[in-house]
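The values are calculated or read from the model by the stated rules, or taken from the named source; none is laboratory data. Nothing here was measured: the structure is a model prediction, and the numbers come from that model. Note that we place each Cβ from the backbone using ideal geometry, even for glycine, and neighbour counts take in every protein chain shown.
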Amino acid sequence: MTAPAVPAPTPANTGEMSRIPTGWKTRRNAELGLLIFAMLIVAVFGATVEANQFDEIRMTSWIPAALVGILFLGLHIVVRYTAPFADPVLLPAVALINGIGVGFLRRLDLARAIAQKQPEPGIFAGTGGRQLAWTLASLILAAVLLLVIRDHKIVSRYAYTLGLVGIVLVMIPAVLPSSISEVNGAKLWIRFGSFSIQPGEFAKIALVSFFAYYLVRKREVLSLASRRFLGVDFPRGRDLGPVVTVWLLSLLVLVFEKDLGTALLYFGLFVVTLYVATERASWLIIGLVLFFGGVYVAYLLGASVGGPFANFYDRAEVWLDPFELENYERVGGSYQLVQGLLGLGTGGLFGSGPGAGSPGLVPEVRTDFIFAGLGEEIGLFGLSAILVLYLLIVERGMRAGLAVRDSFGKLVAGGLAFTLGLQVFVILGGITGLIPLTGQTTPFLSAGGSSLMANWLLIAMLLRISDAARQPATGAGPERAGPKKAPTQLHGAMTEVIKP
Amino acid sequence: MNAPLRRAGVVVLVLFGLIFANLNWVQVYRADDYRTHEFNRRVMVAEYETPRGVIEAGGKALAQNKETGDELKYLRVYPEGKMYAPVLGYKPVGLGATGIEASENDFLSGASDKLFADRLSNMFTGDNAGGGNVVLSVNPKAQEAAWKQMNNNQRNVSRGAAVAIDPSTGAIQAMVSMPSFDPNPLVDHDMEAAQKAYKALDADEDDPLINRAVGATLPPGSVFKVIVAASALQNGYKTSTEIEAGSVYREGGATIRNSEDEVCPGSQVTLKEALTESCNTGFSRLGVALGADKVKESAKAFGFEDEALKVGDLDSGTGLTVAASRTGAIANPDGTTDTAALAQSSLGQRDVRMTPLQGAMIAATVANGGRQMRPYLVQKLLGPDRRTIYTAEPDELREPISSGVADDLRDMMVSVVENGTGKRAKIDGFTVGGKTGTAQNAEGANPHGWFIGFAFDDSGKAVSAICVMLENVPGGHASAEAARIAGLIMKAAAGRGGD
């Protein structure tokens, strides 16, 4: 977020706690309790890894868990002071997934060090150590967002800037030469030397903010002016403009960045915010038809023309029959997918136990396939627990959207939460063979700074909106202080005011 | 806006439900498939985590392991290379094994129920000693003699097989198939190199990967006369019974002649003389006189048409698959006996096909008083700590002939070696019996040379029964070379040195 510091008229000398009127439950202590519980699970995970890798649990096994614990505790304190009414489940749920991710990456480092007969990597060395550092950076970013943006509605002032930034971020890898932007067949990166960022991860948040602002302003015209056809209200042709633009944009992503998942993500996010804003099911129908039509055409073009469509066609072929020998042995074929599935299958119901499996056999196990690697060791039971955590985060985000009073906040919270859920679906569906595999990161689990930072910013935004949502209506929030006035801007208005 | 937002929440719930359902499919329903899938390297790595059991014979390791220090910790090594390869087979990386490596795989890998106690104690002690060891019944001296004699045969024959059996137990003393292959490149941890080596062998026209001793079915020629003679003896004939012979015999469309003019030119010859000289006309007439049913019945009693025989482990019944030997239909399309076919079949021609092992089993049955022992290769199973878990208990497979008939046949077969066509099989200090066979096969091709036989020591104990088969032997008297090799193998099996 590049939002400039907002002049926050905070009563400086009395402190933040004074905003909380007596009798209102902030649930901050519940958050703290859940957070400690989550860190205990992370510590037990780390200890089990050591027991399986070294046949002993050393006195130092708790250190990584304690370190991430301290980091999350820091954010918890920031939340306590800047967003006292924020949803108490979000932070611990994300912290648990993030902590398991760090622990699992460190477990991979340990296994590699043992296999190569190298000394054990230090706490901040290896992929696990780097992920720990990225977690620190992400939490600082999240804290800064919470500190700077005291009211989510402020974001709407920069909506057009954010929209432009978002589109630029999406387009950069597409226009860069493949040598800089391509990793494993997908052009989603900007690489300088050993360092690389995935700008698309940040684009999500910028685009959601822009869509939300745009749709709050246009929802009247998009939802009311319509023609009825087959019992469904369809919008007028000229109102289709923005939808078609975003559709084309996402198809360009599909073709030039060679990534179905990202395209699905952007388009899905737009269609859902559009649907939520207008309450018109016709948008969903148009969106789904456009997207799947586009995907099918891309598949057919890939089969006949090849060229930029070939990559997508290959992915689809591999998805249809991963175990076929030709697909399996082909370069860029189903090898990863198959190894991931075999890892998951080997794990079975209960898994081999943290540290006892062979996740090293799965390619890309640190990034795209981390869920498969984890699945071998924690089994269906463990993965289901993680799946429920993701669901909890998404639904809590949605709930913040339901409860917040302004349209912009509703759309941003709903859009961000849905995007997160969609991303989890796209990657997990991909590695479990439900849908064609695309290179998405698994939020909070995969190694990688871009994804972690962007998703923590997303969580900070949800925390901010949920704080506004759960704040008492009579609350002493700075914006609401003083006599009630009509909202100065339309997007700041309550939904109920707008809806006739 | 709340209603569509709720619906979006439900959509996410449904999407996650799909993921959960699919995870159940992958991790529960398909779990067993995936766990043991050929693409799953875990299976492979686990397989090489502990040393595979050693296969040995007479104190000599035939298949052992070398530590590699790699991810696949042990490399399978076959110190004797080609000599034992058709018996042992090989255990390649990531693929199914062949031979004894395959049939004893559970025991060698340590997965067998017989090693349950070892696995249990491993669970408590934490170390894993690996799989159990397999001791073969093969006598290394006999095997070496067979290998050397077959490969250095005096007719430059490149394909053939030899099997020696202990007649009283059924234990295989030697089993050689020629040409053979070096199993070591096939078990290379570099799977591509291994695959290349396999493809080269697979493309070889001499089929080195086939164990001819149990897998090749060829016309046995005059060896089959032992079966016809047994059938005659069971049907009232005596060794001294005069049977019709002559220099030519025409039956149906078939013309039967003897191999040389001086063989049984007279109209009558005793059964014993007919076998000794390998009288074709006599045995064709005898077969026709007995009828197809009786000949087929006798062949079946000796093990022809047996499709289920495995030679390996008497306890589990696993082992090398033995191809079924066949007499063929010997019938016209309308079901009546084709007498021309019968006349030819009685000489082991036409559609009669036999494996070398079946030949050795016929000789062993005669030497063992009519009782045919089930052939086996696995003498002992030892635990990882080398304690004996199982010792082979010889098992009677069938009793095709009475001991009286067996004695008569023995007499006749000894006469073959003493006075007849099998003289080259004689060994000093032993009473040797047998039967030669020279089998026509394809038009213009050299005949196959066969010899089946047995040897008794001074005390009257049957020490070995044998079958030697050489494919397409050039230079006439195809069976003579087979008889010579057979004698030397039996001598080695009896403990009287190689050559």
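Among the strands (runs of 3 or more DSSP E) contained in the stretch B:1-78, which hold 3 or more residues that are in contact with a Phe, Trp or Tyr (Cβ under 7 Å, 6 or more places away or on another chain) and either among the small types (Gly, Ala, Ser) or under 30 Å from B:Asp385 (Cα atoms) (or both)?
Answer list for the stretch B:1-78: B:60-67.
Please work out which one of (1) touching a Gly at 6+ places or on another chain (Cβ under 7 Å); (2) within 20 Å of B:Leu218 (Cβ to Cβ); (3) aliphatic (A, V, I, L, M); (4) outside any loop (DSSP other than H, G, I, E, B) is the condition B:Ala364 fails and give its number.
(1)
Among the candidates A:Gly401, A:Gly397, A:Gly449, single out the residue that is surrounded by fewer than 24 Cβ atoms within 10 Å (Cβ to Cβ) and touching a residue at least 12 places away in the same chain (Cβ under 8 Å). Let's see the steps before the verdict.
Working: A:Gly401 fails: surrounded by fewer than 24 Cβ atoms within 10 Å (Cβ to Cβ); A:Gly397 fails: surrounded by fewer than 24 Cβ atoms within 10 Å (Cβ to Cβ).
Unique residue meeting the criteria: A:Gly449.
Is it the case that the stretch A:35-55 has a residue that's charged (D, E, K, R), closer than 15 Å to A:Pro354 by Cβ and at pLDDT below 90?
First pass over the stretch A:35-55, keeping only residues charged (D, E, K, R): A:50, A:55.
Okay, now just the ones that are also closer than 15 Å to A:Pro354 by Cβ, so A:50, A:55.
Next, from what is left, pick out any that are at pLDDT below 90: A:50, A:55.
Yes.
Given the options A:Leu342, A:Leu325, name the one that is farther than 19 Å from A:Lys258 by Cα, surrounded by 18 or more Cβ atoms within 10 Å (Cβ to Cβ) and modelled with pLDDT of 80 or more. Before you say what the answer is, go through the steps one by one.
Values: A:Leu325 fails: surrounded by 18 or more Cβ atoms within 10 Å (Cβ to Cβ).
Answer to the selection: A:Leu342.
Hey, any hits in the stretch B:30-52 for a residue that's in contact (Cβ under 8 Å) with a residue 12 or more places away in the chain, under 30 Å from B:Ala493 (Cα atoms) and touching a strand residue (DSSP E or B) at 6+ places or on another chain (Cβ under 7 Å)?
Among the residues of the stretch B:30-52, at least one is in contact (Cβ under 8 Å) with a residue 12 or more places away in the chain, under 30 Å from B:Ala493 (Cα atoms) and touching a strand residue (DSSP E or B) at 6+ places or on another chain (Cβ under 7 Å), which makes the answer yes.
State all residues of the stretch A:346-393 that are under 28 Å from A:Ile197 (Cβ atoms) and of a type in the set (Val, Ile, Thr); if no residue qualifies, say none.
A:Val362, A:Val365, A:Thr367, A:Ile370, A:Ile386, A:Ile393 - these are the residues of the stretch A:346-393 that are under 28 Å from A:Ile197 (Cβ atoms) and of a type in the set (Val, Ile, Thr).
Is at least one residue of the stretch B:454-476 surrounded by 20 or more Cβ atoms within 10 Å (Cβ to Cβ), of a type in the set (D, E, K, R) and in a helix (DSSP H, G or I)?
As a first pass, look at the stretch B:454-476 and keep what is surrounded by 20 or more Cβ atoms within 10 Å (Cβ to Cβ): B:454-455, B:462-471, B:473.
Then keep just the ones that are of a type in the set (D, E, K, R); that gives B:471.
Next cut, in a helix (DSSP H, G or I) only: none.
The answer is no, given that none of the residues of the stretch B:454-476 is surrounded by 20 or more Cβ atoms within 10 Å (Cβ to Cβ), of a type in the set (D, E, K, R) and in a helix (DSSP H, G or I).
Can you tell me which residues in the stretch B:189-227 are surrounded by 15 or more Cβ atoms within 10 Å (Cβ to Cβ), hydrophobic (A, V, I, L, M, F, W, C), more than 21 Å from B:Val77 (Cα to Cα) and out of contact with any His (no Cβ under 9 Å at 6 or more places or on another chain)?
Scanning the stretch B:189-227 gives B:Ala213, B:Val214, B:Ala216, B:Val223, B:Phe224, B:Val226, B:Ile227.
What residue, of A:Leu265, A:Leu288, is within 14 Å of chain B (Cβ to nearest Cβ), at pLDDT below 85, within 27 Å of the chain's Cα centre (by Cα) and exposed (fewer than 14 other Cβ atoms within 10 Å of the Cβ)?
Values: A:Leu265 fails: exposed (fewer than 14 other Cβ atoms within 10 Å of the Cβ).
Matching residue, one of A:Leu265, A:Leu288: A:Leu288.
Give A:Leu374, A:Leu391 a once-over and let me know the one that is more than 18 Å from B:Thr36 (Cα to Cα), buried (at least 20 other Cβ atoms within 10 Å of the Cβ), more than 10 Å from every other protein chain (Cβ to nearest Cβ) and under 20 Å from the mean Cα position of the chain (by Cα). Step through it out loud before you land on a result.
Details: A:Leu391 fails: more than 10 Å from every other protein chain (Cβ to nearest Cβ).
Criteria check complete, one pass: A:Leu374.
List the number of the failed condition for B:Lys60; all other conditions in (1) at pLDDT 85 or above; (2) within 14 Å of chain A (Cβ to nearest Cβ) hold.
(2)
When you look at B:Ala308, is it within 30 Å of B:Ile165 (Cα to Cα) and buried (at least 18 other Cβ atoms within 10 Å of the Cβ), yes or no?
Numbers: within 30 Å of B:Ile165 (Cα to Cα): yes; buried (at least 18 other Cβ atoms within 10 Å of the Cβ): no.
When the stated conditions are applied, B:Ala308 does not pass them.
So which residues in the stretch B:367-390 are assigned to a strand (DSSP E or B) and without any contact (Cβ under 8 Å) to a residue 12 or more places away in the chain, if there are any at all?
Across the stretch B:367-390, the qualifying residue is only B:Thr388.
Is there any pair linking a residue in the stretch B:8-27 that is within 7 Å of another protein chain (Cβ to nearest Cβ) to one that is among the basic types (Lys, Arg), with Cβ under 9 Å and at least six apart or on different chains, and which?
Taking only residues 6 or more apart or on different chains, the pairs are B:Gly9/A:Arg399.
Quick one: A:Phe418 ticks every box in (1) within 13 Å of the chain's Cα centre (by Cα); (2) more than 7 Å from every other protein chain (Cβ to nearest Cβ); (3) under 22 Å from A:Ser466 (Cα atoms) bar one, so which box is it?
For A:Phe418, the exception is condition (2).
Of all residues in the stretch B:116-136, which are surrounded by fewer than 24 Cβ atoms within 10 Å (Cβ to Cβ) and within 16 Å of B:Asp315 (Cα to Cα)? Give the steps one after another, and end with the answer.
Let us first name the residues in the stretch B:116-136 that are surrounded by fewer than 24 Cβ atoms within 10 Å (Cβ to Cβ), namely B:116-130, B:135.
Residue satisfying the conditions is B:Val135 alone.
Scan B:Leu95, B:Leu108, B:Leu120, B:Leu75 and give me the residue that is of a type in the set (A, V, I, L, M) and touching a residue at least 60 places away in the same chain (Cβ under 8 Å).
Values: B:Leu95 fails: touching a residue at least 60 places away in the same chain (Cβ under 8 Å); B:Leu108 fails: touching a residue at least 60 places away in the same chain (Cβ under 8 Å); B:Leu120 fails: touching a residue at least 60 places away in the same chain (Cβ under 8 Å).
Just one listed residue meets the conditions, B:Leu75.
With the requirement that a residue be out of contact with any Asp or Glu (no Cβ under 7 Å at 6 or more places or on another chain) and of a type in the set (Gly, Ala, Ser), what does the stretch B:134-169 give you?
B:Ser137, B:Ala142, B:Ala146, B:Ala161, B:Ala162, B:Ala164, B:Ser168
When the residues of the stretch A:94-128 are filtered to those that are in contact with an Asp or Glu (Cβ under 7 Å, 6 or more places away or on another chain) and assigned to a helix (DSSP H, G or I), which remaining residue is surrounded by the most Cβ atoms within 10 Å (Cβ to Cβ)?
First, pick out the residues of the stretch A:94-128 that are in contact with an Asp or Glu (Cβ under 7 Å, 6 or more places away or on another chain): A:110, A:113, A:121, A:126-128.
Narrowing further to those that are assigned to a helix (DSSP H, G or I): A:110, A:113, A:126-128.
On the way: A:Leu110: 20, A:Ala113: 16, A:Gly126: 20, A:Thr127: 19, A:Gly128: 24.
Among residues in the stretch A:94-128 that are in contact with an Asp or Glu (Cβ under 7 Å, 6 or more places away or on another chain) and assigned to a helix (DSSP H, G or I), the one surrounded by the most Cβ atoms within 10 Å (Cβ to Cβ) is A:Gly128.
Could you list, in sequence order, the residues of the stretch B:369-390 that are crowded, with 24+ Cβ neighbours inside 10 Å and farther than 15 Å from B:Gly58 by Cα? Don't jump to the end; show me each part of the working.
Within the stretch B:369-390, the first condition is being crowded, with 24+ Cβ neighbours inside 10 Å, and the residues that meet it are B:375-378, B:381.
Of everything in the stretch B:369-390, those that are crowded, with 24+ Cβ neighbours inside 10 Å and farther than 15 Å from B:Gly58 by Cα turn out to be B:Pro375, B:Tyr376.
A quick yes/no check of all residues on (1) under 30 Å from B:Leu377 (Cα atoms); (2) assigned to a loop (DSSP other than H, G, I, E, B):
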residue: B:Ser158; (1), (2): yes, yes
residue: B:Ser168; (1), (2): yes, yes
residue: B:Ala200; (1), (2): yes, no
residue: B:Asp206; (1), (2): yes, yes
residue: B:Val226; (1), (2): yes, no
residue: B:Tyr237; (1), (2): no, yes
residue: B:Glu262; (1), (2): no, yes
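In the stretch B:43-55, which residue that is within 14 Å of chain A (Cβ to nearest Cβ) and out of contact with any Lys or Arg (no Cβ under 8 Å at 6 or more places or on another chain) is surrounded by the fewest Cβ atoms within 10 Å (Cβ to Cβ)?
So in the stretch B:43-55, the residues within 14 Å of chain A (Cβ to nearest Cβ) come out as B:43-49.
Right, trim to out of contact with any Lys or Arg (no Cβ under 8 Å at 6 or more places or on another chain) and you get B:44-47.
Details: B:Met44: 19, B:Val45: 14, B:Ala46: 12, B:Glu47: 20.
The extreme case among them is B:Ala46.
With respect to A:Gly294, determine if the residue is away from every other protein chain (no Cβ under 14 Å), small (Gly, Ala, Ser), crowded, with 18+ Cβ neighbours inside 10 Å and within 30 Å of A:Glu220 (Cα to Cα). Break it down into steps so the answer makes sense when it comes.
On the way: away from every other protein chain (no Cβ under 14 Å): yes; small (Gly, Ala, Ser): yes; crowded, with 18+ Cβ neighbours inside 10 Å: yes; within 30 Å of A:Glu220 (Cα to Cα): yes.
It is true that A:Gly294 is away from every other protein chain (no Cβ under 14 Å), small (Gly, Ala, Ser), crowded, with 18+ Cβ neighbours inside 10 Å and within 30 Å of A:Glu220 (Cα to Cα).
What's the number of the only condition in (1) in a helix (DSSP H, G or I); (2) surrounded by fewer than 19 Cβ atoms within 10 Å (Cβ to Cβ); (3) touching a Gly at 6+ places or on another chain (Cβ under 9 Å); (4) in contact (Cβ under 8 Å) with a residue 24 or more places away in the chain that A:Ile140 fails to meet?
(4)
Do you know which residues across the stretch A:429-465 are polar (S, T, N, Q), more than 12 Å from the chain's Cα centre (by Cα) and away from chain B (no Cβ under 14 Å)? If you could, list the steps in order and put the result at the bottom.
Residues of the stretch A:429-465 polar (S, T, N, Q): A:432, A:438, A:440-442, A:446, A:450-451, A:455.
Add one more test, that the residue is more than 12 Å from the chain's Cα centre (by Cα), and what stays is A:432, A:438.
Listed by number, the list holds a single entry, A:Thr438.
Residues in the stretch A:337-356: is at least one under 18 Å from B:Val45 (Cβ atoms) and more than 13 Å from every other protein chain (Cβ to nearest Cβ)? It would help to see each step written out before you state the result.
Within the stretch A:337-356, the subset under 18 Å from B:Val45 (Cβ atoms) is A:338-348, A:351-353, A:355-356.
Keeping just the survivors that are more than 13 Å from every other protein chain (Cβ to nearest Cβ) gives A:353, A:355.
Yes; the residues of the stretch A:337-356 include at least one that is under 18 Å from B:Val45 (Cβ atoms) and more than 13 Å from every other protein chain (Cβ to nearest Cβ).
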